[in-house]
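Contents: one structure, followed by commentary.
The values are calculated or read from the model by the stated rules, or taken from the named source; none is laboratory data. Because the structure is predicted, anything quoted here is derived from the model rather than measured. Note that we place each Cβ from the backbone using ideal geometry, even for glycine, and neighbour counts take in every protein chain shown. We work out accessible area using only protein heavy atoms, side chains counted, and drop any ligands, DNA or RNA first. Shrake-Rupley method; radii C 1.70, N 1.55, O 1.52, S 1.80 Å.
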Amino acid sequence: MTKIYAIAAVCCALIGIGATWVLTMGRDRDQFAQCRASTVAGGAGAVGGPFELVNAKGETVTDKDVITEPSIVYFGYTFCPDVCPLDNSRNAEAVDILEDRGISTTPVFISIDPERDTPEVVGDFAFNMHEKMIGLTGSPEQVKAASRAYKTYYKKQDGDPDYYLVDHTTMSYLVLPEYGFVDFFRRDVTPEQMAETVGCFVGQT
């Protein structure tokens, strides 16, 4: 009987070690696990990637030029009547909260309406939202490539050629320079909640 107890004790110890190894390896594989507020199909690596767009000065820039610090990226358009201004104002407020906490972040606005959103238009929209916000546009092909990289959706509605609306994804994306996309925020997330999450990710880098 004593031998059986001894074997059982060894088995329990091995199970405990195995469980600890699995948990440790899981944390090692995702250093941001404790910060994530959302789950992405295929993992965070399935979203984001290189892009080439045009900034407010008319210069062609890449993701390396734009994402130089933790950034909150949003795809929208300047003629958007309500959703885009509200979302980008929320993002700008989160940036200010983070600044008060000693964390520098950049809000980025990428237009999915290159037909109307010229570099100048995008630049004015971004600056009016926040002095740090980077506004980007580009050719239809450049915009489509960036949208596909971030798995966003947009579709121009039929109607007046000058006053049409565009259906589009309304998530905001947290992107870190050396890690790429790490998480996204839905519209119901408050500036304070966004700042807390961004702060957690920054703290793990």
Exercise. Among (1) open to solvent by less than 50 Å² (accessible area, probe 1.4 Å); (2) at negative phi, where does Asp124 come up short?
Worked result: (1)
Exercise. Taking Asp167, is it open to solvent by 40 Å² or more (accessible area, probe 1.4 Å), outside any helix (DSSP H, G or I) and free of Cβ contacts under 8 Å to residues at least 12 places away in the same chain?
Worked result: no
Exercise. On the given criteria, is Gln157 open to solvent by less than 80 Å² (accessible area, probe 1.4 Å) and touching a strand residue (DSSP E or B) at 6+ places or on another chain (Cβ under 6 Å)?
Worked result: no
Problem set entry | Filtered residue count, the stretch 44-77, keeping only those that are at pLDDT below 95 and either farther than 16 Å from Glu141 by Cα or out of contact with any strand residue (DSSP E or B) (no Cβ under 8 Å at 6 or more places or on another chain) (or both) | 5
Seminar exercise, completed: By residue number, the members of the stretch 170-199 that are over 13 Å from the mean Cα position of the chain (by Cα) and open to solvent by 40 Å² or more (accessible area, probe 1.4 Å) are Glu178, Asp188, Thr190, Glu192, Gln193, Glu196
For this session: Name the residue, out of Cys80, Cys35, Cys84, that is buried (at least 17 other Cβ atoms within 10 Å of the Cβ) and modelled with pLDDT under 95.
Result: Cys35
Exercise. Of all the residues that make up the stretch 127-146, how many are open to solvent by less than 60 Å² (accessible area, probe 1.4 Å) and either in contact with a helix residue (DSSP H, G or I) (Cβ under 8 Å, 6 or more places away or on another chain) or polar (S, T, N, Q) (or both)?
Worked result: 10
Seminar exercise, completed: Across the stretch 53-77, the tally of residues that are open to solvent by 10 Å² or more (accessible area, probe 1.4 Å) and either closer than 15 Å to Arg186 by Cβ or acidic (Asp, Glu) (or both) stands at 4
Exercise. What do you reckon, is Lys151 of a type outside the set (A, V, I, L, M, F, W, C), out of contact with any Phe, Trp or Tyr (no Cβ under 7 Å at 6 or more places or on another chain) and either more than 18 Å from Thr68 (Cα to Cα) or modelled with pLDDT under 95 (or both)?
Worked result: yes
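So, of the residues in the stretch 87-111 that are of a type in the set (A, V, I, L, M) and open to solvent by 10 Å² or more (accessible area, probe 1.4 Å), which turns out to be nearest to Gly203 (Cα to Cα)?
Ile103
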Exercise. Can you pull out the residues in the stretch 154-182 that are at pLDDT 95 or above and among the charged types (D, E, K, R)?
Worked result: Lys155, Lys156, Asp167
